[in-house]
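The values are calculated or read from the model by the stated rules, or taken from the named source; none is laboratory data. Just so you know, these numbers come straight off a predicted model, no measurement behind them. FYI the Cβ positions are ideal-geometry reconstructions off the backbone, even for glycines, and counts take in every protein chain you see.
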Amino acid sequence: MPSLSVIVPLFNELESLPELLDRLYAAMREKELHDLFEKPFSFEVIMVDDGSTDGSPEMIGNLIQEKPELRLISFQRNFGKTAALSAGFMAASGEYVCTIDADLQDDPFAIRTMLKKLQEGYDLVSGWKQERRDPFSKIFPSKIFNLVTRLFTGITIHDFNCGLKVYRRNVSSRLELHGEMHRYIPVLADWMGFRIAEVPVPHSARKFGNSKFGSSRFFAGLFDFLSVLFITRYLRRPMHFFGMAGLVSFVSGFLISLYVTFDKVLLHKPIGNRPILFLGILLLILGVQLFSTGLLGELFITSMAKGTPFAIRETRNLGETQKKLLENR
Ligand code: UDP
Ligand code: MG
């Protein structure tokens, strides 16, 4: 079992790879890092190629000859960063697990500081890009995203979506991610009861290529946020949400219908063209629908929840057990 598994999700980052691995390996050789471990330090680097078409997996394949710590998981097509991280988490066998972006924006030498923090008694340490080197069009939405997430979850970290994170393996292996939920890993980890800390990390501008996330991330982020809120509050009790909403709607609809029935039956008023009649009917139907949704949810949670599906083209240098785990996904 290696002391540390480094997971690198990458999508068309060919130009960055040589420098990334040089710096990462240099960071892994630091004595201060080794001193954090009682046993002799060892590591593995799990490169998760998320369907690159620029020759990234081929280059990694060649590098494996001279770097036995390297492993490669190569997806059939681009499944997104969340899927890439999930594959890495499944394959990681280290005592600790760390993730780092491939685009040289994250500093591998910060891993040591984060591990040190982790060993103070935390389960997940997230990086904080305190001085962020990104265009304003990225920094501004991200500030709002972090503010909203902080407000709704009560988790007091500044930077939920930093590529640099360090985990105890029992944390990373337990994360069930889908959509683009990598943005909300601290929220899900906190919900599972893990202790979370944050340390400032250096950040660099992107050196090669472009950001892999366009403006569609806003919508994906919003929907994932709603899912995360729902998951962390109602995952095992959907009826508490839908049942309550359904009940409120149904009872309101029932009272309204009762009222117009009185008008019709006792006062002999015509009710066929009264808006409130339609409101009453609408609320009754909506109530039943919400209630049924809750019931379906209750039935559904009895079956196993699955994470983001992915298909793997090939794996290199992985143990049999890890391969089986990945294939059975
Ligand atoms: N990435 C990935 N799959 C994707 C998009 C991104 O594996 O579909 C990787 C990407 O190669 C990089 C990391 O995730 O290593 C962060 O992506 P990027 O730098 O584009 O995000 P940004 O820094 O702009 O938020
Ligand atoms: Mg980046």
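Residue-by-condition table, conditions (1) surrounded by fewer than 20 Cβ atoms within 10 Å (Cβ to Cβ); (2) more than 18 Å from the chain's Cα centre (by Cα):
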residue	(1), (2)
Phe109	yes, yes
Glu120	yes, yes
Phe136	yes, yes
Leu151	yes, yes
Ile185	no, no
His203	no, yes
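Restricting region 17-34 to residues that are farther than 21 Å from Ala92 by Cβ and touching a helix residue (DSSP H, G or I) at 6+ places or on another chain (Cβ under 9 Å), the residue that is nearest to ligand 1 (Cβ to nearest atom) is Pro18. Annotation: of all residues in region 183-224 being more than 16 Å from ligand 2 (Cβ to nearest atom) and part of a loop (DSSP other than H, G, I, E, B), the one that is nearest to Asn78 (Cα to Cα) is Met192. Just one of the listed residues (Ala110, Ala87, Ala91) is within 11 Å of ligand 1 (Cβ to nearest atom) and among the aliphatic types (A, V, I, L, M), namely Ala87. If I go through region 108-160 residue by residue, how many of them are touching a residue at least 60 places away in the same chain (Cβ under 8 Å), within 16 Å of ligand 2 (Cβ to nearest atom), closer than 30 Å to Arg233 by Cβ and not basic (Lys, Arg)? Result for region 108-160: 5. Here is the figure for region 35-53: residues that are surrounded by 15 or more Cβ atoms within 10 Å (Cβ to Cβ) and within 16 Å of ligand 1 (Cβ to nearest atom) total 8. Here region 1-17 is the region considered, the condition is being part of a strand (DSSP E or B) and within 13 Å of ligand 2 (Cβ to nearest atom), and the residue that is nearest to Ile46 (Cα to Cα) is Val8. All told, Lys116 meets the bar of being more than 27 Å from Ser216 (Cβ to Cβ), more than 12 Å from ligand 1 (Cβ to nearest atom) and surrounded by 15 or more Cβ atoms within 10 Å (Cβ to Cβ).
Quick one: would you say Gly163 is within 20 Å of Ala83 (Cα to Cα) and within 16 Å of ligand 2 (Cβ to nearest atom)?
Numbers: within 20 Å of Ala83 (Cα to Cα): yes; within 16 Å of ligand 2 (Cβ to nearest atom): yes.
When the stated conditions are applied, Gly163 passes them.
Criterion first (within 16 Å of ligand 1 (Cβ to nearest atom), among the polar types (S, T, N, Q) and at pLDDT below 90) does Ser215 satisfy it? Here the answer is yes, as Ser215 does meet what is asked. For Glu66, the conditions (1) within 11 Å of ligand 1 (Cβ to nearest atom); (2) part of a loop (DSSP other than H, G, I, E, B) are fulfilled apart from (1).
Could you say which residue among Arg23, Arg77 is more than 23 Å from Val171 (Cα to Cα), among the basic types (Lys, Arg), within 20 Å of the chain's Cα centre (by Cα) and not in a strand (DSSP E or B)? Working first, answer last.
Details: Arg23 fails: within 20 Å of the chain's Cα centre (by Cα).
That would be Arg77, the only listed residue that is more than 23 Å from Val171 (Cα to Cα), among the basic types (Lys, Arg), within 20 Å of the chain's Cα centre (by Cα) and not in a strand (DSSP E or B).
Entry remark, region 80-101: residues being charged (D, E, K, R) and under 12 Å from the mean Cα position of the chain (by Cα) number 1 in total.
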